[in-house]
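The values are calculated or read from the model by the stated rules, or taken from the named source; none is laboratory data. If you're wondering where the values come from, they're calculated on a predicted model, not measured in any experiment. Cβ atoms come from the backbone with ideal geometry, glycine included; neighbour counts cover every protein chain shown.
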């Protein structure tokens with residue numbers, strides 16, 4: 001089987017990412033990431049899905065501090081997608 005993804009595979013991946021975004025463990029991050037995912041994941045490219053999946057693997061306190069501007073965003077996290085996430089308001 002090749003590496004090509006079917007439309008079904010991509011839709012399942014999108015649904016899993018939205019679910020993971022809404023089930024973070026902290027209410028604030030559930031709301032921020034979940035509402036962002038609801039609004040944006042359907043339109044993400046494969047690369048953006050990869051990037052968002054990577055963000056979901058980071059720790060809530062770090063993400064929260066970077067999103068709210070309490071701490072500077074590390075260079076390896078800063079991107080167009082992260083900028084869009086920072087400007088998102090639930």
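Overview of values
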{"item": "Cβ-Cβ under 8 Å pairs, at least 6 apart or on other chains, the stretch 32-52 side modelled with pLDDT of 95 or more, far side surrounded by 17 or more Cβ atoms within 10 Å (Cβ to Cβ) and not in a helix (DSSP H, G or I)", "result": "33/24; 34/24; 52/44"}
{"item": "Residues being part of a loop (DSSP other than H, G, I, E, B) and either under 19 Å from residue 11 (Cα atoms) or within 10 Å of the chain's Cα centre (by Cα) (or both) - total across the stretch 21-57", "result": "4"}
{"item": "Any hit, the stretch 64-78, residues being touching a helix residue (DSSP H, G or I) at 6+ places or on another chain (Cβ under 7 Å), within 30 Å of residue 6 (Cα to Cα) and at pLDDT 95 or above", "result": "yes"}
{"item": "Search result, residues across the stretch 75-90 that are part of a loop (DSSP other than H, G, I, E, B) and either in contact (Cβ under 8 Å) with a residue 12 or more places away in the chain or surrounded by 11 or more Cβ atoms within 10 Å (Cβ to Cβ) (or both)", "result": "77, 78, 79, 88, 90"}
{"item": "Subset of the stretch 1-14 [surrounded by 11 or more Cβ atoms within 10 Å (Cβ to Cβ) and part of a helix (DSSP H, G or I)]", "result": "10, 11, 12, 13, 14"}
